[in-house]
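Take a look at the structure below.
The values are calculated or read from the model by the stated rules, or taken from the named source; none is laboratory data. Just so you know, these numbers come straight off a predicted model, no measurement behind them. Methodologically, a virtual Cβ is constructed for each residue, glycine included, from the backbone with ideal geometry; neighbour enumeration extends over all protein chains shown.
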C-alpha cells in the first residue's frame, strides 16, 4: 500500500532538490546581507554587531564587514550554482558561528539552513547550474 507513494517520492529529481536548496539557502543570506548593507549608512549594522551579536573573537567592525561581505558575495554564487560546494561550506561556517555565538536557541532555524548547505556540499549544485555547465565544458 505504501510502495506506490514511496516509488513516487523516489522519482523526485535530485536536480530539483538542489535548485530549491540553492535558492532558499542563498536567499536567506542575501536578504540578511542587503539589510546589513542598508544599515551601514545609519550605523545600525555596527550597532547590531556591538550590542547584540558580540562575537567573542572579532572586533565588531571586522565582524560586521566580514559578515556583510560574505552575505553579499556567497549567495549569488550559491543561487547561480557556481563554486557551489565551497560557497555552501563558507555559509555553513557562518551558520555555525551564528548558532554557537549569536543565537544559540535558534537551532530549529539554523538546522534547516545547515541541511540545505550540507546537501549542496555533498551532492553539488545539480544539473541546472553553472557548475554543471563548467563541468561539461571541461570535458
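What single numbered condition from (1) more than 27 Å from residue 132 (Cβ to Cβ); (2) touching a helix residue (DSSP H, G or I) at 6+ places or on another chain (Cβ under 7 Å) fails to hold for residue 25?
Going through (1) more than 27 Å from residue 132 (Cβ to Cβ); (2) touching a helix residue (DSSP H, G or I) at 6+ places or on another chain (Cβ under 7 Å) one by one, residue 25 breaks only (1).
Got at least one residue in the stretch 27-40 being more than 16 Å from the chain's Cα centre (by Cα) and not in a helix (DSSP H, G or I)?
The answer is no, given that none of the residues of the stretch 27-40 is more than 16 Å from the chain's Cα centre (by Cα) and not in a helix (DSSP H, G or I).
With the condition being surrounded by fewer than 17 Cβ atoms within 10 Å (Cβ to Cβ), I'd like the helices (runs of 4 or more DSSP H) fully within the stretch 41-139 carrying at least 3 qualifying residues.
Passing ranges, in order: 60-80, 84-97, 107-123, 130-138.
Considering only the stretch 81-114, state which residues are in contact (Cβ under 8 Å) with a residue 40 or more places away in the chain and over 17 Å from residue 19 (Cβ atoms).
94, 97, 101, 102
Here is a list: 78, 120, 91, 73. Which entry is at pLDDT 95 or above and out of contact with any helix residue (DSSP H, G or I) (no Cβ under 7 Å at 6 or more places or on another chain)?
Being at pLDDT 95 or above and out of contact with any helix residue (DSSP H, G or I) (no Cβ under 7 Å at 6 or more places or on another chain) holds for just one of 78, 120, 91, 73, which is 73.
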